[in-house]
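Down below is the structure, laid out as structure tokens.
The values are calculated or read from the model by the stated rules, or taken from the named source; none is laboratory data. Since the structure is predicted, the reported quantities are computational estimates derived from the model, not experimental observations. Virtual Cβ from ideal backbone geometry, glycine too; neighbours counted across all protein chains shown. SASA here: full protein model, heavy atoms, side chains in, ligands and nucleic acids out. Shrake-Rupley method; radii C 1.70, N 1.55, O 1.52, S 1.80 Å.
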Amino acid sequence: DMITALGGTPEPGGVWTDSGGGLAGPVFVVGTGQPGSFTYSLPPTTSCPGAAATLTVIVSPGSNAGEDAVLDVCSSAAPFALLPLLGPDAQLSGSWIAPDGTASAGTFVPGVSLDGTYTYTIVGITPCVTVSATVTVSTVMASDPGSDGSLTACVTGPVEDLFTSLNGAPTPGGVWTTPSGAPFGGLLNPATAASGDYVYTLAANGPCPAQSATVDVTIETTPDAGQNGAVSLCGSGPQY
């Protein structure tokens, strides 16, 4: 209500006009009304002249820090910017504070950056207030199936645990499949197994996708020299 912004004790019943003389008010709607100078006029009485007062309206741009967000991220994910998580209305003029209270560049590096609440703040221009929004990030550790390995076994050899043929530091608890894609317990019997790629897979974990590694198995057959034999031959010559 524009009359409440005038000084003194203005009487009701007057008329508001804008700087161009057009009718205005009596209520100024922020975001719709055009800022500027407005004149409040009371008509003259029988013996007194009329009166007028001016109200200057200045609208400062409001700040929008966006909407709070919560995110689970995989430790193997690529670095990402936090600002887009606050939504399309978040303005660019703010600054970030990390969970430990230090300044942040606003980029989260999974596996390196601190988990917790990152606060984005835009300082308001008087009379606008300072506004903030937060992004709370939790990192889920990616499963490690190890790296690809290989195994060469003799068809007559002992049962082999394929888990020990994976390189790196694989996490136990995964599942194996044979070269044909059939489920497999992980213990390879060379007498009945086939050569090929045996795949070890750890299931998806929250935001982390399933991970796999392969053991390339080669089953070698036993060399065949035949069986013991004897032969009788007729010879001639001085050596006989």
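Here the convex hull built on the C-alpha positions of the chain has a volume of 258 cubic angstrom per residue.
Looking at region 1-105, I'd like the Rg to Rh ratio, where Rg is from alpha-carbon atoms and Rh is Kirkwood's inverse mean 1/r.
On the way: Rg = 24.5 Å, Rh = 18.5 Å.
We get a ratio of 1.32 for region 1-105.
Close amide H partners of ASP72, meaning residues 5 or more places away or on another chain with modelled amide H under 5 Å apart, are SER138.
Have a look at VAL231, THR107, THR164 and report the one farthest towards the positive end of the charge dipole of the chain, computed about the Cα centre with Cβ charges (Lys/Arg +1, Asp/Glu -1). So the residue furthest toward the plus end is THR107. Dipole orientation for region 1-157: of the candidates VAL70, TRP16, ALA90, TRP16 has the Cα lying most toward the positive pole (charges on Cβ; Lys, Arg +1; Asp, Glu -1).
The alpha-carbon atoms of region 99-240 define a convex hull whose volume equals 204 cubic angstrom per residue. Within region 155-240, what whole-number % of the accessible surface is contributed by carbon and sulfur, with the 1.4 Å probe and all protein chains included in the calculation? On region 155-240, the fraction of accessible area on carbon and sulfur atoms equals 53 percent. Rolling a 1.4 angstrom probe over the protein heavy atoms with all chains in place gives region 107-235 an accessible area of 58 Å² per residue. For GLU220, the residues whose modelled amide H falls within less than 5 Å of its own, excluding neighbours fewer than 5 places apart on the same chain, are ALA153, CYS154, VAL155. Checking Cβ-Cβ separations below 4.7 Å across the chain identifies CYS48, CYS128, CYS154, CYS234 as cysteines lacking any candidate disulfide partner. The convex hull of the Cα atoms of region 61-143, projected and averaged over all directions, covers 5.3 nm².
Quick one, what does Rg over Rh come out to for region 130-203 if you take C-alpha atoms and the Kirkwood Rh? Show your work: numbers first, answer last.
Numbers: Rg = 18.8 Å, Rh = 14.6 Å.
Ratio of gyration radius to Kirkwood radius: 1.29.
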